[in-house]
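Working notes, beginning with the structure itself.
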Amino acid sequence: MSFSSIPFLWFLAAFLTVYGLCPARYRRYLLLGSVVFVALGSFSAMLIALVAAGVNFGLGICVQRSTHRKLTLAAAVAINVLFLVTFKLSGAVPLGFSFYTFAMIAYLVDVSREQHEAEYDPFYFSTYAFFFPKFVMGPITRYGEMAAELEKPKLSLNGLQTGLENFVTGFAMKIFIANRLASLWSDLMQIGYQCLPFSLAWLGAFSFSIQLYIEWQSYTLMAQGIAGMLGYKLPQNFNYPYLARSVGDFYRRWHMTLTRWFKDYVYIPLGGSRAGTGRTVLNILIVWLLTSLWHGVGWNFVLWGMSLGVLIVIEKLWLGKLLEKNKILSHLWVLLLIPLTWVCFKIDKTQALGAYFSRLFPFFGSEGVVSGSHFWRLLWKYRYYLALGVFFCFPLPEKLVHRWGKTWIGAIVLAAIFWWAVYVLSQTGDNPFQYANF
């Protein structure tokens with residue numbers, strides 16, 4: 001059940017009402033309503049997640065009690081990886097399972113490292129495992145980040161207000177920007193990748209880059225907003241990545257909890273950058289190969305991930321100092337290369353991907369290309385959505401929301417935006433989040 005759907009809004013309204021009216025000592029049990037949320041999205045996914053939660057609840061206790069902790073941990077992690085790989089290869093990944101599995105692995109490793117105790121209360125553990133704001137698309141939250149709030153959620157008027165502001169902002173970004181920009185890519189598909197003029201191919205690459213960020217950030221804001229209204233705090237997941245000055249910096253700002261996961265549970269255990277240049281390069285490439293496979297088993301994902309790994313290696317070995325010294329060059333480096341990698345992410349057919357890149361770099365003629373006037377027509381058609389998308393790549397919009405949202409006028413404006421978005425959603429229908437498929 002997508003956050004940007006009418007059924008979810010009904011679910012959220014009912015859940016928040018019951019949660020708010022319920023005595024504090026019973027709220028921990030009400031959060032098991034997250035199971036209902038997952039079941040409404042996919043009953044089979046709910047059953048699979050229940051089994052996985054039960055298994056990992058037991059595995060956490062086994063890891064903590066084991067006299068051969070490393071061996072027990074290795075077996076516990078292998079069980080989770082085996083399930084994930086099986087679903088990935090089958091092409092039928094259950095709702096939220098990729099994010100869920102990484103959260104469970106982090107929990108087991110942190111227990112082994114004695115960063116926190118294994119959870120012996122099945123209700124607390126189930127709340128962590130199924131917490132619906134983060135279940136489908138993260139952020140990938142560590143158990144230690146929620147442990148205190150699992151025992152006693154920190155409900156406050158300020159948390160409720162900030163949560164509402166975040167949720168409305170994310171909801172509006174999804175409905176008014178991300179959903180509309182998704183139509184631009186559909187227009188390109190109707191033309192045919194092999195027929196695109198140079199200008200329209202680049203417009204598609206840039207627009208998809210903006211759309212993907214707005215969609216991701218909108219989900220994160222909604223997730224953080226819902227969690228805040230319930231008395232929980234989820235970690236930051238995006239830090240305005242298009243302000244980055246290198247590809248490496250971009251991915252320190254993009255999907256930060258996933259980057260952190262690979263750093264703490266793969267890159268550093270492999271040796272990080274402590275074992276010389278050759279080993280550092282190998283570790284970086286291993287991390288990005290695993291990152292690509294986590295997203296999918298298609299060759300386009302491998303190309304996407306490995307190209308990023310190579311770019312980060314190039315920056316680390318040669319270009320890093322140059323990019324640090326030249327602000328304009330560093331921003332151009334990111335703004336030109338990142339959209340190209342997103343094209344690999346978006347197009348899953350090798351032949352179609354090759355056709356699109358031939359239009360991005362038309363060095364061998366332009367037979368069959370449609371008129372360049374299509375570029376101006378589509379640019380004009382989507383001008384407002386593109387402009388808003390670029391605007392929301394900067395910190396100012398969210399700062400304004402939190403500055404003015406707590407005033408009467410700001411609250412009225414946010415309420416009007418929310419109900420306008422609901423009306424648009426009721427007329428146009430939902431466009432599911434792309435990452436929900438991962």
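Only the coordinates and a few stated rules stand behind these numbers; no lab work does. What you see is a predicted model, and the numbers here were worked out from it, not measured in a lab. Neighbour counts run over all protein chains shown; Cβ positions are idealised from the backbone, glycine included.
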## Note on the structure
If unit charges are put on Cβ atoms (+1 for Lys and Arg, -1 for Asp and Glu) and the dipole of segment 159-437 is taken about its Cα centre, the option from 337, 358, 185 lying farthest towards the positive end turns out to be 337
### Summary
Where a ≥ b ≥ c are root eigenvalues of the Cα gyration tensor, a/c under 1.5 meaning rounded, otherwise prolate if a/b exceeds b/c and oblate otherwise, segment 159-437 counts as oblate
### Message
Applying a 10 Å radius around every beta-carbon, put 244-255, 172-183 in order of their mean neighbour count, most first.
### Response
172-183, 244-255
### Query
Taking the Cα centre of segment 31-152 as the origin, how large is its charge dipole in debye, to the nearest 20, when only Lys and Arg (+1) and Asp and Glu (-1) carry charge on their Cβ atoms?
340 debye
### Message
Given a 10 angstrom Cα cut-off, can you work out which residue in 214, 328, 61 is the most mobile in a GNM of the chain?
### Response
328
### Message
Among 242, 423, 232, which one shows the highest mean-square fluctuation when the chain is modelled as a Gaussian network with alpha-carbon springs under 10 Å?
### Response
423
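Counting Lys +1, Arg +1, Asp -1, Glu -1, what net charge surrounds residue 244 among other residues with beta carbon under 9 Å of its beta carbon?
Combined, the nearby Lys, Arg, Asp and Glu give +2.
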### Added length on full extension, which subtracts the Cα-Cα distance from 0.36 nm per residue, residue 373 to residue 78
100.8 nm
### Message
Running a GNM on the chain with Cα contacts under 10 Å, which residue among 119, 145, 165 ends up with the highest mean-square fluctuation?
### Response
145
### Query
Length gain on complete extension for the stretch residue 285 to residue 55, per 0.36 nm per residue less the alpha carbon to alpha carbon distance?
79.6 nm
### Message
To the nearest 20 Debye, how big is the dipole of the chain about its Cα centre, given +1 on the beta carbon of each Lys and Arg and -1 on that of each Asp and Glu?
### Response
700 debye
### Message
Report the Cα centroid-to-centroid distance between segment 254-291 and segment 117-180 in angstrom, as an integer.
### Response
27 Å
### Summary
Everything considered on the Cα gyration tensor (a ≥ b ≥ c; rounded for a/c under 1.5, else prolate if a/b is larger than b/c, else oblate), segment 201-295 must be described as oblate
#### Entry: Dipole axis of the chain (+1 Lys, Arg; -1 Asp, Glu on Cβ), positive-most option in 10, 150, 278
278
